[in-house]
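Read through the structure below, which is laid out as C-alpha cells, and then see the notes.
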Amino acid sequence: MVAHENLDLGVKVRILAGQPNLRNILGDRILKDVIAVVLAAGKGTRMKSGIPKVLHRILGKSIIVHILDSIKKSGVNKTIVVTGHGRGLLKEALKKAAVKVVTQKELLGSGHALISAKKALQGRSNNVLVVCGDTPLLKSGTLKELIDKHKQSGASATILAGKLKDPSGYGRIARDGRGRIIKIVEEENVKFYEGSKNEINVGTYCFKALDIFEALGKVKRDNKKKEYYLTDAIDILNREGKLIESVEAEDPDEAIGINERADLAEATQVLKKRILEEVMAGGVTVEDPQTTTIYTGVKIGRDTVIHPNTIIESEVEIGEDSSIGPHARLRPDVRIGNRVVIGDFVELVRTRVGDDSRIKHLTYLGDTTVGRHVNIGAGTITANYDGKNKNKTIIEDGASIGVGAMLIAPVRIGKGAVVGAGCVVPKNHNVPKGATVAGVPARALKKEGAA
Ligand code: UD1
Ligand code: CA
C-alpha cells in the first residue's frame with residue numbers, strides 16, 4: 001500500500017494493510033453487522049448560522065435526530081457521529097442519543113470525515129452505512145432496503161440514488177453503457193460529463209469497511225474545494241473491478257439535503273405533509289391541511305377534528321372525539337382526553353385536560369392539570385411563572401372558571417368549585433370543593449339565605 005499525498009490516513013491505512021488476517025479476526029459472527037456513520041462535521045456555511053447545520057430543527061426535532069431515528073428504526077443499533085464544526089454544541093445535543101461521537105479535527109471533506117470514524121469502527125463491523133448529516137427526510141424502510149441489497153449482492157459499495165426534478169447541486173451517478181455505476185460526478189464537474197444528469201447521489205451509502213477505507217487511502221484533493229471527496233472513492237473501487245450497486249429511494253423527496261434555509265423550509269413542507277397524511281390515515285379529520293402543523297411523534301385518537309390554523313407541537317397526545325382549534329396552539333407536553341373541546345386562540349403547555357372538558361376561547365394554561373367535565377371560560381389565564389419558577393395550577397373535576405379569570409399559581413380549584421367572571425385567585429389561595437369565589441382578590445361568596 002502506498003501512502004497518498006498528505007492525507008493523515010497513511011498510518012491508519014498501513015495498519016489495516018498490515019493486518020492481512022483482519023477478515024479472519026472479524027469472523028462470521030459479525031459479518032452481518034452494520035455500523036452507521038453520520039457525517040456531521042461540515043460547517044454548513046450556506047446556512048449562515050451560529051449553530052451547526054445539523055442542529056437546525058424541523059417540526060420540533062433537529063436534523064441529526066431525524067436521521068438518527070431513521071437509522072435506529074432501520075435496525076442498525078450502533079451509530080458513530082462525526083463532529084467538527086460546533087462540536088461542543090453537537091456533543092451536548094447528542095448526550096441522550098445512544099451514539100458514539102468522534103471528531104474530525106480538520107474539515108478536509110466527506111471522505112476525510114469517514115476516515116475520522118475508522119478507529120471507532122475498526123474490527124467492529126464488516127459493513128458501514130454512511131449517511132450525510134443533512135438529509136433529514138430519509139426513511140427507515142429505504143435504509144433497510146439499501147442494507148439488504150448491499151448484503152445480498154456482496155457489492156463493495158451500494159449507493160442510494162435519487163431522481164430529482166432539479167438535480168443541481170448534487171453529485172450525479174455516472175454509468176457505463178451496460179448500466180453499471182462507474183463514478184460519481186460532483187456538481188462542479190457535471191458540465192464536463194456526457195451521461196445522464198438527473199440520477200443523483202443522495203449521500204447515503206453502504207460499504208464493505210475494508211474496501212472503502214482502502215479506496216479512501218487513494219483519494220486525492222485534486223478538486224475545486226481541495227477536499228477529500230468520499231464520492232471519489234467510487235471511481236477508485238470501479239477501476240479496481242469492485243462491484244458497485246445502487247438502490248433508488250422510493251420517494252424522491254428523501255434525497256433533499258439541507259444546505260441553505262430554503263432547503264430547510266422545503267423539507268419542513270415535505271415532512272408536514274407526511275405527518276398529516278399519517279394522522280388522517282389514523283382516523284383523524286384535518287379540516288385544512290394547508291394551515292395545520294403537527295410535529296413528529298404526536299398521537300391523536302380517532303374521530304378527533306383538527307380545525308384550521310392549528311399548531312400541535314412535540315409530546316402532545318389527544319384522545320378520541322375531541323375538537324382542536326381553529327387557531328389553537330398545543331405546545332410540548334400536553335395530554336388531552338376524550339370528547340374535549342379546545343377552541344379558538346387557546347394555548348396550552350405542560351398541561352393535562354381530562355375527558356369532557358371545554359376550553360373554548362382565548363385562554364392560556366401552563367403547567368396545569370384540568371380534571372373531567374371542567375368548563376374554562378373565555379379569556380382565562382394561568383399565571384404559572386413568577387419570574388423564577390414555573391408553578392402548578394390544579395382545576396379539579398366539575399369546576400367552572402368564569403370568563404376573564406386569572407389563576408395565580410400555585411393554586412388549586414376544588415371539585416365542582418366556581419370561580420366568578422373577572423376573578424383573580426391569588427397564589428396558594430386554594431378554593432375548596434364546591435365553593436364559589438368572586439372578586440379581586442377572590443373571596444368566597446356567602447350562600448344565599450345564609451346568615
Ligand atoms: C455531498 C456529496 C454529493 C451528494 C450530496 C447529497 C461529496 C463530495 N458530495 O455534497 O455527491 O449529492 O452530498 O446531499 O460528498 N462533512 C464532514 N466533514 C467535512 C465535509 C463534509 O463531516 O469535512 C459532512 C457534512 O457535514 C455533510 C456531508 O459531509 O453532512 C456532506 O457534505 P456537504 O458539504 O453538505 O456536501 P454536498 O456538497 O452537499
Ligand atoms: Ca449537503
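The values are calculated or read from the model by the stated rules, or taken from the named source; none is laboratory data. Treat the numbers as computed from the prediction; the structure is a model and nothing was measured. Counting neighbours? That spans all protein chains shown, and the Cβs are built from the backbone with ideal geometry, glycine included. Surface areas here come from the heavy atoms of the whole protein model, side chains and all, with no ligands, DNA or RNA. Shrake-Rupley method; radii C 1.70, N 1.55, O 1.52, S 1.80 Å.
Take the stretch 206-226 and flag every residue that is crowded, with 19+ Cβ neighbours inside 10 Å and in a loop (DSSP other than H, G, I, E, B).
Scanning the stretch 206-226 gives Gly217, Lys218, Val219.
Note down all Cβ pairs under 6 Å where the first residue falls in the stretch 364-378 and is free of Cβ contacts under 8 Å to residues at least 40 places away in the same chain and farther than 14 Å from Pro410 by Cα, the second is open to solvent by 30 Å² or more (accessible area, probe 1.4 Å) and of a type in the set (A, V, I, L, M, F, W, C), and they're at least six residues apart or on different chains.
Qualifying pairs under 6 Å: Tyr364/Ile381; Ala378/Leu362; Ala378/Val403.
Among the listed residues Val202, Val190, identify the single one that is outside any loop (DSSP other than H, G, I, E, B), free of Cβ contacts under 8 Å to residues at least 60 places away in the same chain and within 16 Å of ligand 2 (Cβ to nearest atom).
Going through Val202, Val190 in turn, just one is outside any loop (DSSP other than H, G, I, E, B), free of Cβ contacts under 8 Å to residues at least 60 places away in the same chain and within 16 Å of ligand 2 (Cβ to nearest atom): Val190.
Return the only residue of Lys105, Lys144 being in contact (Cβ under 8 Å) with a residue 60 or more places away in the chain, open to solvent by 60 Å² or more (accessible area, probe 1.4 Å) and not assigned by TED's automatic domain parsing to the domain that holds Ala265.
Lys144
Look at the stretch 155-173 and say how many of its residues are surrounded by fewer than 23 Cβ atoms within 10 Å (Cβ to Cβ), away from ligand 1 (no atom under 11 Å from the Cβ), under 22 Å from Pro252 (Cβ atoms) and modelled with pLDDT of 90 or more.
1
Which numbered condition trips up Lys118, out of (1) open to solvent by less than 10 Å² (accessible area, probe 1.4 Å); (2) within 16 Å of ligand 2 (Cβ to nearest atom); (3) of a type in the set (D, E, K, R)?
(2)
Just to be sure, is Ala113 open to solvent by less than 10 Å² (accessible area, probe 1.4 Å) and more than 30 Å from the chain's Cα centre (by Cα)?
Considered against the rule, which asks whether it is open to solvent by less than 10 Å² (accessible area, probe 1.4 Å) and more than 30 Å from the chain's Cα centre (by Cα), Ala113 comes out as no.
Just checking, how many residues over the stretch 249-288 are surrounded by 19 or more Cβ atoms within 10 Å (Cβ to Cβ) and in contact with a Lys or Arg (Cβ under 7 Å, 6 or more places away or on another chain)?
Total meeting the criteria: 3.
Taking only the stretch 121-135 into account, find how many residues are assigned to a loop (DSSP other than H, G, I, E, B) and open to solvent by 10 Å² or more (accessible area, probe 1.4 Å).
Residues that pass the stated criteria total 5.
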